[in-house]
């Protein structure tokens with residue numbers, strides 16, 4: 001796989017840029033939304049050519065105001081901004097007109113949100129108010145709950161991300177690389193544990209040298225052709241694997257996470273024998289998916305010290321069926 005950059009968001013004279021982490025939403029002809037840890041509750045709007053336009057939101061507690069950098073989802077019902085660590089959603093039209101802020105009932109926090117093409121609404125993972133109930137909510141275009149389903153088994157409680165699949169199926173993944181596939185009633189169809197780099201680094205204690213700091217899943221998307229799931233993870237480069245957690249954090253803060261970590265892409269499909277890993281690859285920059293299909297983005301540190309989002313596509317440059325990940 002190869003990341004082919006198409007446009008860079010922002011220029012040197014722009015008032016701000018993303019930090020180490022960034023969330024991006026592709027709005028087609030409307031341009032892009034960007035949030036990051038250095039922006040806080042402020043969301044930046046760029047046009048389709050990558051030029052800075054304006055600030056969409058501001059920090060605060062009121063309607064349309066954010067307390068933390070949000071994640072985005074866009075679909076037929078418009079655009080949703082989701083605040084991490086809470087159950088607040090902010091609805092906008094596709095033209096970025098504010099509609100309303102709502103509190104998802106029965107939830108104390110939300111994990112992931114994806115557009116649901118079968119209903120035109122949204123699929124949201126949530127943690128219940130007693131902190132033990134974990135499940136999925138189907139919302140309509142206005143953000144009202146249509147249906148709520150609990151994931152049930154204790155072993156699935158670690159699932160953090162979900163995405164609608166074909167034929168009503170739902171894919172899920174934990175931060176540690178456990179991939180699952182449910183039918184529309186949340187009955188398990190298959191599971192697969194990915195062998196992420198440095199998996200032994202998750203074992204306690206984690207205060208000294210890790211001997212391979214672990215990768216962590218940060219995004220999942222349907223494969224562009226609909227044949228399974230793309231799982232994106234991030235892990236430090238090999239030259240940093242012997243650092244402690246604190247030392248690795250210092251390196252990332254000093255030079256940027258993109259300078260000390262790589263991104264990994266895993267392709268999982270449902271075969272007659274169950275969920276199967278059909279290939280994997282890795283990138284030298286922190287490539288993440290951007291909406292549907294093969295769109296993606298990473299963060300580039302420019303010579304003047306700024307960080308800019310690059311939007312591009314993931315291209316399959318060559319295939320070797322007998323060599324996964326080639």
Within segment 308-326, residues at pLDDT 80 or above and either surrounded by 15 or more Cβ atoms within 10 Å (Cβ to Cβ) or in contact with a helix residue (DSSP H, G or I) (Cβ under 9 Å, 6 or more places away or on another chain) (or both) come out as 308, 309, 310, 311, 312, 313, 314
Residue 112 fails exactly one of (1) outside any strand (DSSP E or B); (2) at pLDDT below 90, namely (1)
Is one or more of the residues making up segment 87-105 surrounded by fewer than 17 Cβ atoms within 10 Å (Cβ to Cβ), more than 19 Å from residue 120 (Cα to Cα) and within 21 Å of the chain's Cα centre (by Cα)? no
Taking segment 61-107 and keeping residues closer than 18 Å to residue 161 by Cβ and part of a strand (DSSP E or B) leaves 71, 72, 73, 74, 75, 80, 81, 82, 89, 107
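Being more than 17 Å from residue 9 (Cβ to Cβ) and either under 18 Å from the mean Cα position of the chain (by Cα) or modelled with pLDDT of 90 or more (or both), is that true of even one residue in segment 43-53?
No, the conditions are met nowhere in segment 43-53.
Considering only segment 183-199, how many residues are over 13 Å from residue 217 (Cα atoms) and either touching a helix residue (DSSP H, G or I) at 6+ places or on another chain (Cβ under 9 Å) or modelled with pLDDT under 90 (or both)?
Going residue by residue through segment 183-199, those that are over 13 Å from residue 217 (Cα atoms) are 183-192.
Now drop any that are not either touching a helix residue (DSSP H, G or I) at 6+ places or on another chain (Cβ under 9 Å) or modelled with pLDDT under 90 (or both), which leaves 183-188, 191.
Here the count works out to 7.
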In segment 164-198, anything part of a loop (DSSP other than H, G, I, E, B) and touching a residue at least 24 places away in the same chain (Cβ under 8 Å) is listed as 165, 174, 175, 176, 177, 185, 186, 194, 196, 197, 198
Against the condition free of Cβ contacts under 8 Å to residues at least 60 places away in the same chain, over 22 Å from residue 142 (Cβ atoms), surrounded by fewer than 16 Cβ atoms within 10 Å (Cβ to Cβ) and in contact with a strand residue (DSSP E or B) (Cβ under 7 Å, 6 or more places away or on another chain), how does residue 60 come out, does it pass?
no
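The values are calculated or read from the model by the stated rules, or taken from the named source; none is laboratory data. Bear in mind the structure is a predicted one, so any value in this text is a computation, not a measurement. Please note: Cβ atoms are built from the backbone with ideal geometry, for glycine as well, and neighbour counts cover all protein chains shown.
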